[in-house]
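Engineer: My questions will all concern the structure given below.
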Amino acid sequence: MTRTAFSAVRREALSDSVYRQLAGKILHGELPPGDALPAERELSEVLGVNRGAVREAIKRLQQAGLVAVRQGGNSVVLDFQAEGGLELLPNLLVHKDGRLNATVVRSIMAMRSALAPDIAGAAAAKQRAGLADKLDAVLKRMHTDQAHSRQLQNHALEFWKILVAGGGNIAFRLAFNSMTKTYTQVWDVLTPVLEAEFRDFENLDAIAAAVRRGDAETAREAGRRHVEIGRQALERALDAVEARGGSL
């Protein structure tokens, strides 16, 4: 195995720090599929942590589908694209050099465009006045805070959190949580890019009204129109960045 350099780990949250460092090296290809991780003792020495922290980190890597622990205790790197789950998305969003990974961004937006209409439709299918009341309260705050883009961004996220919780679909909710965790990593960068979507009161109002009526199809269509505004805006921004060879 080709040896790779490791950095000493900060003393706080040792197993978290070890996990992040090892996961980063796997996700960025420094430790390719099929490679064996160094033994626990060696990792403990080069990282400057106790073996318990290393053991806990490797357990997390195994749970994330990044390594498999073979007979004898050896850990072998897996192909995360074949074995991993949505929880890896936040780790893939940024290249090792700090640039935004445009391919991952586009993938997340495509998943968002696919899920959002069904999230809105599932919430409307419940036809609960209490749910519609919560959405209307958020929309009221959005109308009040129109002059503040960051506030609108916060309110828009809250609107979708209410929708996904109200729909009662656990798979939608977990996927939404992963996307949100990823999104918030580049929150400030995306504020101006997605501003037109935050200001799309027409479709957000339509979703809330459809939830109140129990009209799942109308909610679905309004959700589709709404997220398409953001998808197109982000696509234009990424195209412009790539044309000049820069980064968002």
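Taken together, the values in this text are just the output of simple stated rules run on the coordinates, not laboratory data. Please read all numbers here as calculations on a predicted model, not as lab measurements. Positions of Cβ are generated from backbone atoms using ideal geometry, with glycine treated the same way; all protein chains shown enter the neighbour counts.
Engineer: With r as the distance between the Cβ atoms of Val76 and Glu158 and R0 = 41 Å, compute the FRET efficiency 1/(1 + (r/R0)^6) and round to 0.05.
Structural biologist: So, using R0 = 41 Å, E works out to roughly 0.45.
Engineer: Against the longest alpha carbon principal axis of the chain, how many degrees, from 0 to 90 and to the nearest 10, is the axis of helix 216-244 turned?
Structural biologist: The two axes meet at around 50 degrees.
Engineer: Note the full-extension length gain between Asp97 and Arg150 as 0.36 nm times their separation in residues minus their Cα-Cα distance, in nm to one decimal.
Structural biologist: So the chain would gain 16.4 nm between Asp97 and Arg150.
Engineer: Here's something else I'd like to know. Please give the net charge around Val164, taking every other residue with its beta carbon less than 13 angstrom from that of Val164, where Lys and Arg add +1 and Asp and Glu add -1.
Structural biologist: Overall, the nearby charge balance is +3.
Engineer: Is there a quick way to get the dipole size of the chain? I mean about its Cα centre, with the Cβ of Lys and Arg at +1 and of Asp and Glu at -1; what is the value in debye to the nearest 20?
Structural biologist: It comes to approximately 480 debye.
Engineer: Any idea how far the Cα center of segment 97-135 sits from the one of segment 180-222, in Å?
Structural biologist: One Cα centre to the other: 8 Å.
Engineer: Which of Ala102, Ala13, Ala114 ends up with the largest GNM mean-square fluctuation for the chain, with Cα atoms connected below 10 Å?
Structural biologist: Ala13
Engineer: While we're here: Where does the charge balance sit around Leu238 when Lys and Arg score +1, Asp and Glu -1, over other residues with C-beta under 13 Å from its C-beta?
Structural biologist: Cβ neighbours under 13 Å give a net charge of +2.
Engineer: Cut-off is 10 Å between beta-carbons; in what order do Met142, Met111 appear when sorted fewest neighbours first?
Structural biologist: If I rank by nearby Cβ atoms, fewest first, I get Met111, Met142.
Engineer: Be a star and scan segment 170-205 for residues whose amide nitrogen sits under 19 Å from the point 7 Å along the Cα-to-Cβ vector of Ala114.
Structural biologist: So the set is 170-183.
Engineer: With Rg and Dmax of the Cα atoms in Å in mind, check (1) 22.3, 87; (2) 21.4, 63; (3) 18.3, 59 and report the label derived from this structure.
Structural biologist: Of the listed options (1) 22.3, 87; (2) 21.4, 63; (3) 18.3, 59, (2) comes from this structure.
Engineer: Using only helices, what value at 222 nm comes out for the chain when you add -39,500 (n - 2.57) per DSSP H run of length 4 or more and divide by the total residues, to the nearest 500 deg cm²/dmol?
Structural biologist: Helices in the chain give a 222 nm mean residue ellipticity of -22000 deg cm²/dmol.
Engineer: From the backbone phi of segment 104-118, what are the Karplus-calculated ³J(HN,Hα) couplings (6.51 cos²θ - 1.76 cosθ + 1.60, θ = phi - 60°) in whole Hz, Gly and Pro given as x?
Structural biologist: 5, 4, 5, 5, 5, 5, 5, 5, 4, 5, 6, 7, 4, x, 6
Engineer: If you build a Gaussian network model of the chain, linking Cα atoms that sit under 10 Å apart, which residue out of Arg212, Arg225, Arg141 swings the most?
Structural biologist: Arg141
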